[in-house]
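Only one structure is covered here, and it is reproduced in the block below.
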Amino acid sequence: SIPAIAPMLSLSFASVQAFAPTGLARAQAPMRSGALAMSSPYENELGVIQPTGFFDPLNLSSDIDEDTFAQYRTAELKHGRVAQLAVIGYVVPEFYRFPGEIAPGIKFADVPNGVAAIDAIPTLGWAQIIFLIGAVDYWGFLGDFDAGKPELEPEELERRQLCELQ
């Protein structure tokens with residue numbers, strides 16, 4: 001019957017509208033307010049993407065200078081790289097284990113995968129890990145290295161940096 005089909009048609013129309021081109025959706029979208037609509041001196045920096053623009057919902061960059069912004073950007077990249085390494089460290093033990101011992105009497109093969117590995121690492125091992133992370137973050141190791149950088153044209157370097165930021 002027609003009354004039973006009406007809800008199905010409206011749901012179908014809603015799902016099709018979700019995949020409408022962005023130009024149509026943008027014309028119908030309301031204006032943004034708050035932190036996203038505010039102007040920032042960093043809205044033309046590398047890595048700003050549309051439709052969000054310069055995304056700073058907590059206004060952390062509202063009253064900072066360029067040096068502090070560069071420090072924040074370096075920290076963002078460093079933490080992204082650490083997160084990528086963490087994912088690799090989570091996946092690789094499923095396929096490969098280092099030979100030898102992680103601590104006296106504890107072989108790498110005896111350490112379980114995933115979150116269960118937290119209990120298998122001795123307390124002194126966790127202290128070493130936390131100290132290393134603190135040293136890297138405080139003294140700035142693993143930041144921006146000159147060694148190993150490819151010599152690229154400025155346009156290609158900017159494109160690659162943009163890919164890393166996005």
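The values are calculated or read from the model by the stated rules, or taken from the named source; none is laboratory data. Everything numeric in this text was worked out from a predicted model, so none of it was measured. Cβ sites come from the backbone with ideal geometry, for glycine too, and all protein chains shown count toward neighbours. Surface areas here come from the heavy atoms of the whole protein model, side chains and all, with no ligands, DNA or RNA. Shrake-Rupley method; radii C 1.70, N 1.55, O 1.52, S 1.80 Å.
Which of (1) farther than 29 Å from R160 by Cβ; (2) touching a helix residue (DSSP H, G or I) at 6+ places or on another chain (Cβ under 7 Å); (3) surrounded by fewer than 13 Cβ atoms within 10 Å (Cβ to Cβ); (4) not small (G, A, S) is the odd one out, the single condition L124 does not satisfy?
(2)
Among the residues of the stretch 109-138, which ones are within 21 Å of P99 (Cα to Cα) and of a type outside the set (A, V, I, L, M, F, W, C)?
D110, P112, N113, G114, D119, P122, G125, Q128
Among the listed residues L77, L85, which satisfies the condition of being touching a residue at least 40 places away in the same chain (Cβ under 8 Å) and under 30 Å from E164 (Cβ atoms)?
L77
For Y96, only one of the following conditions fails: (1) of a type in the set (S, T, Y); (2) assigned to a loop (DSSP other than H, G, I, E, B); (3) open to solvent by less than 100 Å² (accessible area, probe 1.4 Å). What is its number?
(3)
Scan P41, P57 and give me the residue that is out of contact with any Phe, Trp or Tyr (no Cβ under 8 Å at 6 or more places or on another chain), modelled with pLDDT of 50 or more, open to solvent by less than 80 Å² (accessible area, probe 1.4 Å) and not acidic (D, E).
Matching residue, one of P41, P57: P57.
Taking I130 as the residue in question, decide whether it is open to solvent by 70 Å² or more (accessible area, probe 1.4 Å), in contact with an Asp or Glu (Cβ under 9 Å, 6 or more places away or on another chain) and either farther than 30 Å from S40 by Cα or assigned to a helix (DSSP H, G or I) (or both).
Spelling it out, it is not the case that I130 is open to solvent by 70 Å² or more (accessible area, probe 1.4 Å), in contact with an Asp or Glu (Cβ under 9 Å, 6 or more places away or on another chain) and either farther than 30 Å from S40 by Cα or assigned to a helix (DSSP H, G or I) (or both).
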